[in-house]
1. How high is the relative contact order of the range 360-462, given as a whole-number percent (alpha carbon pairs under 8 Å, six or more residues apart)?
2. Chymotrypsin sites (Phe, Trp or Tyr not before Pro) within the range 335-435: which are DSSP loop residues with at most 13 other Cβ atoms inside 10 Å?
3. So what's the net charge close to Gly229: Lys and Arg +1, Asp and Glu -1, counting the other residues with Cβ under 13 Å from its Cβ?
4. With the Cα gyration tensor of the range 347-454 in hand, convert its eigenvalues to equivalent ellipsoid semi-axes via √(5λ) and list them largest first in whole Å.
5. Any number yet on Rg/Rh for the range 1-155, C-alpha, Kirkwood?
6. Determine the dipole magnitude for the range 161-272: charges of +1 sit on the beta-carbon of Lys and Arg, -1 on that of Asp and Glu, nothing else is charged, the reference point is the Cα centre, and the result goes in debye to the nearest 20.
7. Using a Förster distance of 25 angstrom, determine the FRET efficiency expected from the C-beta separation of Leu215 and Asp346, and round it to 0.05.
8. Starting from 0.36 nm per residue, how many nanometres of slack lie between Ala370 and Gln160 once their C-alpha separation is accounted for?
Amino acid sequence: MADTFDAIVIGGGPGGYNAAIRLGQLGLSAACIDKRGAFGGTCLNVGCIPSKALLHASERLHEAENDFARLGIKAKVSLDLPQMMAQKTKVVGELTRGVEFLLKKNKAEAIVGEARITAPGKVSVRLADGKTRELTAKNIIIATGSDVAQLPGVAIDEKQIVSSTGAIALESVPKRLLVVGAGVIGLELGSVWRRLGSEVTVVEFLDRVTPGVDLEVSKAFQRVLTKQGLSFQLSTKVTGVEKTKSGLKVTVEPAAGGDKSVIETDVMLVAIGRVPYTANLGLAEVGVAMDKRGRVITDNHYRTNVPGIWAVGDCREGVMLAHKAEDEAVACAELIAGKAGHVNYDAIPSVIYTFPEVATVGKSEEELKAAGVAYKVGKFPFTANARAKTIAATDGFVKILADAKTDRVLGCAIIGPEAGNLIAEVVLAMEFGASSEDIARTCHSHPTLTEAVRQAAMGVEGWTMQM
Ligand code: FAD
Ligand code: NAI
């Protein structure tokens, strides 16, 4: 086996494996190294995929328990948690093996081991059997991803005090679950366990859920989740945890300071964000510059300050999303191959896979206001959408923001059924620089949820027809 490559990719997640695949497609030799033992990174192993498998299964259970009778279906269902977990594990295995297959197909060598950059162009890999393999390449791509952000003074044991990794693998349904952080992980996994029977309390430092998401949507989202039985303590921080015989005693106080109180719980999920993962990589020794938050600094073309060393995905700046990592990987591989790789950061969607789903792209109304951009809004509720009625999923609305002068679409936020799929047409519209009128005048099939997007787009110019 050759030890010299055109590029060595460190990390086998969406950033790493997609870089290696694209390099292979472009005729460059690549090695993709991951220490995890299975390829696919956080996303496939402990992130996007297992969490979505559990969201899907728990949503079906909830539907069967709560909605079937209304639809005229009599059924007695009960939870088989080991089988639900086994199904999740099966899906993960199929997909991670799929990544290995794709690497092979594109002639990239998949190496299991811990990589360390010893000098520009040189990588030392500690293999699973303890041996070391020295590799050289003109280019090294750092795609080492991210790790769980820790709550000071709170030790995660992945049994009682869990991160997302423990929360997707609990062996029984906790009677009480305390979620710290009303962000994406907290609300997705909080929803899973609520549907499976836990009493879920969410403690959030800020005065709102899902910071960064359009405020109107966030407020509607919190209302829906509250109806589903999640309870929220906003503007609150966790200051300590004590393990007792019967569970956990979690001390909380107002974020601004004040009287302490205690919440008793069985399991606590720490979901307060993720931090870049660059430990033991040799970056400081080789002189790769990092910012205060530990992210690898790159220019717009993913080049670090050290020639021949590049970085993509969660370990550099920007949203920590699998498709953002993937797009950067493709662009970076193309740039290495001498092509014009590029990512349009104004058109990267973000989806929360609860029920209803929340999906956003581009600017929020608050961002446009802060930037002093004149904009128009078009909105349409799912209560007025025929398909939403037929599937009994009428919570939520579509909101489209367009430039007041040019009508160019600047952003969209959707809360509702299938929001994650619905946002795709707006992403495409934005990628093509479309106006809201372009969406409004595009034929949408009836009866579909997509008609709500069209009606919202019509609303920008005030001619929504079905309200
Ligand atoms: P990672 O996927 O983290 O991959 C990095 C890999 O590098 C890891 O496998 C690690 O083992 C390896 N590595 C690190 N250091 C070394 C080293 N020195 N040597 C060898 N290997 C090394 N995003 C979405 O877009 N949609 C979702 O639905 C979604 N759901 C999520 C749910 C959860 C619970 C979590 C935690 C995350 C979720 N994400 C989701 C975020 C998504 O997982 C990340 O944005 C994505 O995985 C980032 O890809 P990456 O390639 O940059 O890093
Ligand atoms: P997050 O950034 O989405 O949310 C963290 C929340 O915790 C914020 O609301 C924050 O204000 C709050 N918080 C921070 N410190 C706190 C404290 N001490 N006490 C109480 N609250 C505190 O981070 P999360 O949910 O951990 O997810 C990490 C990343 O993973 C996200 O940035 C997201 O990009 C990615 N992810 C994406 C998913 C998707 O696309 N569907 C699903 C899950 C994760």
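Coordinate-derived values only; no laboratory data. What you see is a predicted model, and the numbers here were worked out from it, not measured in a lab. All Cβ positions, even for glycine, are placed from backbone atoms using ideal geometry, and neighbour counts span all protein chains on display.
1. It rounds to 32 percent for the range 360-462.
2. Taking the range 335-435 and a limit of 13 other Cβ atoms within 10 Å, the loop chymotrypsin sites (Phe, Trp or Tyr not before Pro) found are Phe432.
3. On the way: positive: Arg176, Arg194, Arg195, Arg223, Lys227; negative: Glu65, Glu199.
Result for the neighbourhood of Gly229: +3.
4. The answer is 22, 15, 12 Å, longest axis first.
5. Here Rg/Rh amounts to 1.15.
6. So the dipole magnitude of the range 161-272 works out to roughly 240 debye.
7. Result of the calculation: an efficiency of 0.80.
8. In short, 71.4 nm is gained.
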